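Just below is one structure, and these are the notes that go with it.
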Amino acid sequence: MLGTDILAWKKLAREKHKPVHVILFITDHCNAKCGTCFYWQNLNQGESLKPDHIDKISDALGELVWLDISGGEPFLRKDIDAICHRFIENNRVRFINIPTNAIQTSVIERSVQGILSNRKNFRLNIALSIDGIGENHDRVRGVPGNYAKALATMDAMRRIREQDERLSLSLVTTVMRHNIEDVKKLLALGASEWKLDYHSLNILRGQPMDPALQAPTPEQFAEVSKLQLQLCRQYFRGRWGALGGWTAVMGRFLLNRYYMREMEGHPRDISCNAGDVSCVIDANGDVYFCELLKPIGNLKTYDWDFDRLWHDFEATQLRAKVQNGCHCTHECFHTKNLIFTPWRLV
């Protein structure tokens with residue numbers, strides 16, 4: 001039950017005084033050139049977390065609820081299955097999410113099968129990044145044929161999902177001023193032909209590699225947000241039943257309304273849970289409360305002692321500032337705000 005799960009997650013977060021949600025950048029290597037990327041200046045610098053460093057991070061974090069494996073392109077790590085197994089066994093992680101540009105179908109298929117070879121009770125979501133239809137997507141991604149390869153990867157994931165119900169399949173679409181019509185088509189395809197488990201919409205943020213790209217207007221976001229909300233009734237009811245599904249849909253409504261206020265120029269500062277229940281660990285060892293904030297330190301400087309860094313003076317000072325209030329449209333962190341402190345978004 002969704003309500004029971006949330007209570008258990010809140011209890012764990014109170015007891016740990018450490019994150020229960022971690023975004024782990026395992027490599028900065030990427031085989032795409034996405035115009036939307038806010039991380040592009042840090043890509044392909046030769047940084048990857050070594051296995052022994054990942055072990056130290058895992059040992060320090062304790063029990064986790066959510067783990068996002070990110071990059072770069074995470075499936076370029078040949079040991080991604082072993083990394084996931086480490087957190088499944090050592091941290092009892094419940095949910096693993098891996099976003100991917102979906103270019104290397106056979107590599108992704110083999111890696112996902114490897115991750116699911118661990119028979120523990122966890123859920124794995126593969127989030128395919130698709131920002132347009134056909135060549136429109138290829139242009140945004142800077143990779144000819146990327147759209148066709150993404151569809152091939154989607155087919156492969158659906159075949160695996162038929163054999164293992166622990167796997168879910170979602171789409172992540174970056175919403176921009178120029179791709180609204182394609183976003184509408186993607187939303188419709190996702191719920192009908194593609195049989196997705198969810199479709200996430202991320203508003204273009206940060207300083208993208210292509211400076212010509214712009215965030216959507218409030219009117220454009222309102223249009224696609226309404227369509228997404230309608231489809232959420234279908235997605236969430238199937239996963240959490242009638243009551244849990246209704247609760248999740250209301251949560252989606254609150255988040256989208258909060259984003260609308262931000263886009264209309266009426267942002268509302270809230271006490272964010274970034275730095276409390278969530279954190280980001282970069283491939284170079286930098287630790288952030290959120291990618292939009294400055295790092296609180298680097299694990300190399302602390303001899304990979306996460307506990308010491310997390311509770312150090314600078315981290316404590318920045319945590320107080322975040323809890324005093326900030327605002328953004330970062331979906332990864334606001335979903336945790338919705339789970340842990342929904343009243344702040346009302």
**Complete:** The size of the Cβ-based charge dipole (Lys, Arg +1; Asp, Glu -1) of region 135-210 about the Cα centre, to the nearest 20 debye, is 140 debye
**Qualifying trypsin sites (Lys or Arg not before Pro) for region 217-268 [loop in DSSP, other Cβ within 10 Å: at most 16]** = Arg268
**Most positive-pole-ward Cα, Thr105, Ile69, Leu171, against dipole of the chain from beta carbon charges** = Leu171
**Prompt:** Are there cysteines in the chain with no other Cys C-beta under 4.7 Å, and if so, which?
**Reply:** Cys30, Cys84, Cys232, Cys272, Cys279, Cys290, Cys326, Cys328, Cys332
**Request:** Mind telling me which of Thr173, Thr335, Thr27 comes out most flexible in a GNM of the chain, alpha-carbon contacts under 10 Å?
**Result:** Thr335
**Fill in**
Restricting to lysines and to Cα separations under 18 Å from Lys11, and discarding same-chain partners fewer than 8 apart, the set is Lys336
**Fill in**
Charge dipole of the chain built from unit charges on the beta carbon (Lys, Arg +1; Asp, Glu -1), centred at mean Cα; most positive-end Cα among Leu345, Tyr302, Gly241 is Gly241
**Prompt:** What stretch of the chain, leaving out the sites themselves, is the longest with no GluC sites (Glu not before Pro) in a DSSP loop having at most 15 other Cβ atoms within 10 Å?
**Reply:** 64-164
**Fill in**
Expected vector for region 173-186, Karplus 3J(HN,Hα) from phi with 6.51, -1.76, 1.60 and θ = phi - 60°, integer Hz, x for Gly and Pro, equals 10, 7, 8, 9, 5, 8, 10, 4, 5, 5, 4, 4, 5, 5
**Message:** How high is the relative contact order of the chain? Use alpha-carbon pairs under 8 Å, at least six apart in sequence, and give a whole percent.
**Reply:** 18 percent
**Item:** Amide H contacts under 5 Å for Asn125, placed H, 5+ residues apart
**Value:** Ile96, Asn97, Ile98, Ser168
**Prompt:** How large is the Kirkwood hydrodynamic radius of region 220-346, in angstrom, based on all distinct alpha carbon pairs?
**Reply:** 16.2 Å
**Message:** For a 32 Å ceiling on Cα separation, which of these pairs sit above it: Lys185/Lys321; Lys195/Lys294; Lys149/Lys184; Lys226/Lys294?
**Reply:** Lys185/Lys321; Lys195/Lys294; Lys226/Lys294
**Prompt:** Amide H neighbours of Ser70 under 5 Å, counting only residues 5+ apart in sequence or on other chains, H built in-plane at 1.01 Å?
**Reply:** Leu24, Phe25, Ile26
**Complete:** Normalised per residue, the volume inside the convex hull of the alpha-carbon atoms of region 17-156 in Å³ amounts to 108 Å³
**Request:** Taking the Cα centre of region 1-151 as origin, work out the dipole magnitude from +1 charges on Lys and Arg Cβ and -1 charges on Asp and Glu Cβ, in debye rounded to 20.
**Result:** 420 debye
**Fill in**
For Cys30, the residues 5 or more places away or on another chain with a placed amide H closer than 5 Å to its own amide H are Asn44, Glu73
**Prompt:** Add -39500 (n - 2.57) for each DSSP H run of 4 or more in the chain, then divide by its residues: what number comes out at 222 nm, to the nearest 500 deg cm²/dmol?
**Reply:** -15000 deg cm²/dmol
**Message:** With Cα Rg over 2.2 N^0.38 Å as the read-out, I listed [x] 1.52; [y] 0.94; [z] 1.07; which label goes with the value calculated from this structure?
**Reply:** [y]
**Complete:** With the dipole of region 199-251 defined by +1 on each Lys or Arg Cβ and -1 on each Asp or Glu Cβ, the option from Ala215, Leu229, Leu201 whose Cα lies farthest towards the positive pole is Leu229
**Complete:** Sequence order, region 11-22: Karplus ³J(HN,Hα) from phi using 6.51 cos²θ - 1.76 cosθ + 1.60, θ = phi - 60°, Hz rounded, Gly and Pro as x, gives 4, 4, 4, 5, 6, 7, 6, 8, x, 10, 10, 10
**Item:** region 100-223 pair-distance distribution - Cα-Cα, 10 Å bins, rounded %
**Value:** 12, 43, 31, 13, 1
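Readers should treat all values here as calculations from the given coordinates under stated rules, not as data from a laboratory. What you are looking at is a predicted structure, and each value in this text was computed from that prediction instead of being measured. A quick note on method: Cβ atoms are made from the backbone with ideal geometry, for glycine too, and the neighbour counts reach across all protein chains shown.
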